[in-house]
Amino acid sequence: MPAIDPRSGVLQHNANKSTPGYTLFTPLGLYNTYLIDMDGNVVHQWELPNDVGNYAYLLENGNLLAAIRTEEENPFLPAKGGHLIEYDWDGNIVWEHVDHLQHHDFRRKPNGNTVYAAWTKQTDPDVWKTIPGGMAGEEHDGAIFTDVIREIDPKGNIVWEWDVLTDMDKDDFPIDPSVHRHEYAHANTISPCPNGDVIVNWRYNNTMAMIDYETKKIKWSLRDIAYGQHHDVQMLENGNILFFANGADVHIHGPETGSQVVEIDPATNEEVWVYQGTPRRSFVSWFISGCQRLSSGNTLICEGLWGRLFEVTPEGEIVWEYVSPYFVEYEHPAYTGNNIMFRCYRYTSDSPQIQGRLP
């Protein structure tokens with residue numbers, strides 16, 4: 001059983017300003033997904049067979065969709081999944097798909113298809129020459145793992161695929177010179193837009209981009225090292241883009257500036273809303289982490305490094321705050337002693353995900 005830290009749990013809760021509901025999260029290195037109420041009580045949970053790569057979330061039918069790490073074709077790269085599993089509310093498997101090089105992100109589309117990120121192993125040095133940037137000679141065990149986005153139907157057939165090697169001009173998006181050449185380019189977000197286009201975020205080249213689903217061309221991108229890498233890039237209902245700006249190069253742990261959650265207008269790439277800590281370094285996660293714009297207009301933030309989840313108003317006031325009490329006690333290759341998590345999600349009691357499923 002994971003340890004329970006008495007200094008964790010719900011640290012503050014302003015019931016008049018927070019958004020009522022239930023918050024879902026999966027501690028990395030532990031084999032459970034938890035659903036908690038606003039007081040931090042676990043109201044439901046799912047047991048998982050192995051590490052997640054990197055999270056799970058609820059579908060509109062109330063089922064849990066998770067990516068579970070497999071050991072086959074293991075490149076020993078971060079956030080490997082490989083086994084997509086859909087569980088019903090009672091933990092029964094109702095759908096699954098195996099792609100051993102699936103990693104990071106996966107989403108169920110309204111049409112029932114599933115889109116996800118995967119790696120393709122490149123061992124040909126002639127292919128390496130076409131991949132710009134990064135630290136020379138820093139390939140990964142004789143390979144560079146390049147990103148592909150796949151869409152599969154419910155039977156697992158690939159119905160759409162987008163490949164960084166053939167579908168984009170790589171010279172426009174080089175790997176950051178401070179980063180190894182293990183991957184091109186570490187996609188940590190795959191987020192379908194309402195019109196069917198797909199947002200992808202590449203951490204190792206500081207780039208977020210929108211792919212036109214029909215033409216496969218990049219129709220919008222933002223590449224700004226000032227954000228210090230980013231995660232969980234998504235389109236809001238107003239058409240703006242929301243993301244977690246980590247505020248650090250991937251190899252600099254302990255930035256001076258701190259992290260931010262940023263909303264931009266993609267027509268101009270200008271910021272329209274920003275949340276920062278006060279002081280700035282009071283809010284910082286140099287890796288993982290995420291954000292969710294709630295129906296109230298508040299924003300739920302996952303400060304992944306510290307296992308801290310909190311909700312802020314548009315004015316930046318913290319109105320709910322929770323620190324995960326679930327720490328990895330056993331010897332884990334990456335997470336021992338930590339309570340880190342990749343993302344979290346809030347669901348209201350009358351949402352399709354929750355309605356009628358809890359007392």
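Do we find that Val115 is part of a strand (DSSP E or B), in contact (Cβ under 8 Å) with a residue 40 or more places away in the chain and either closer than 23 Å to Tyr335 by Cβ or β-branched (Val, Ile, Thr) (or both) in this structure? Yes. Looking at the range 193-203, is at least one residue hydrophobic (A, V, I, L, M, F, W, C), touching a His at 6+ places or on another chain (Cβ under 7 Å), touching a residue at least 40 places away in the same chain (Cβ under 8 Å) and under 18 Å from His231 (Cα atoms)? Looking through the range 193-203, at least one residue is hydrophobic (A, V, I, L, M, F, W, C), touching a His at 6+ places or on another chain (Cβ under 7 Å), touching a residue at least 40 places away in the same chain (Cβ under 8 Å) and under 18 Å from His231 (Cα atoms). Scanning the range 150-200 for residues that are closer than 26 Å to Asp126 by Cβ, of a type in the set (Asp, Glu) and surrounded by 13 or more Cβ atoms within 10 Å (Cβ to Cβ) yields Glu161, Asp163, Asp167, Asp172, Asp176, Glu183. Counting only strands (runs of 3 or more DSSP E) that sit completely within the range 51-92, those holding 1 or more residues that are of a type in the set (Phe, Trp, Tyr) and at negative phi correspond to 52-58, 82-87. Reported count of residues in the range 78-108, each being over 12 Å from Leu65 (Cα atoms) and surrounded by fewer than 16 Cβ atoms within 10 Å (Cβ to Cβ), is 2.
In the range 4-50, the residue that is modelled with the lowest pLDDT out of those that are over 16 Å from Leu358 (Cα atoms), part of a loop (DSSP other than H, G, I, E, B) and charged (D, E, K, R) is Asp5. For the range 246-297, a residue qualifies if it is exposed (fewer than 15 other Cβ atoms within 10 Å of the Cβ), at pLDDT 95 or above and of a type in the set (Gly, Ala, Ser), and the qualifying residues are Ala267, Ser295, Gly297. For the structure I just gave you, tell me whether Asp232 is closer than 18 Å to Gln122 by Cα and either among the basic types (Lys, Arg) or modelled with pLDDT of 95 or more (or both). Spelling it out, it is not the case that Asp232 is closer than 18 Å to Gln122 by Cα and either among the basic types (Lys, Arg) or modelled with pLDDT of 95 or more (or both). Pull up the range 304-338, narrow it to residues that are under 11 Å from Tyr275 (Cβ atoms) and in contact (Cβ under 8 Å) with a residue 24 or more places away in the chain, then point me to the one that is surrounded by the most Cβ atoms within 10 Å (Cβ to Cβ). By that ranking, first place goes to Glu311.
Conditions (1) in a strand (DSSP E or B); (2) within 26 Å of Met341 (Cα to Cα), marked per residue:
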residue: Ile190; (1), (2): yes, yes
residue: Pro194; (1), (2): no, no
residue: Ala209; (1), (2): yes, yes
residue: Ser221; (1), (2): yes, no
residue: Asn238; (1), (2): no, no
residue: Leu242; (1), (2): yes, yes
residue: Thr257; (1), (2): no, yes
residue: Trp273; (1), (2): yes, yes
residue: Val284; (1), (2): no, yes
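The listed residues are Tyr213, Tyr227, Tyr184, and the only one of them that is among the aromatic types (Phe, Trp, Tyr) and at pLDDT below 95 turns out to be Tyr227. Can we say Asp176 is of a type in the set (D, E, K, R) and touching a Gly at 6+ places or on another chain (Cβ under 9 Å)? Yes; evaluated as a whole, the condition is true for this residue.
The values are calculated or read from the model by the stated rules, or taken from the named source; none is laboratory data. These figures come from a predicted structure and were not determined experimentally. Note: ideal-geometry Cβ built from the backbone for every residue, glycine included; neighbour counts use all protein chains shown.
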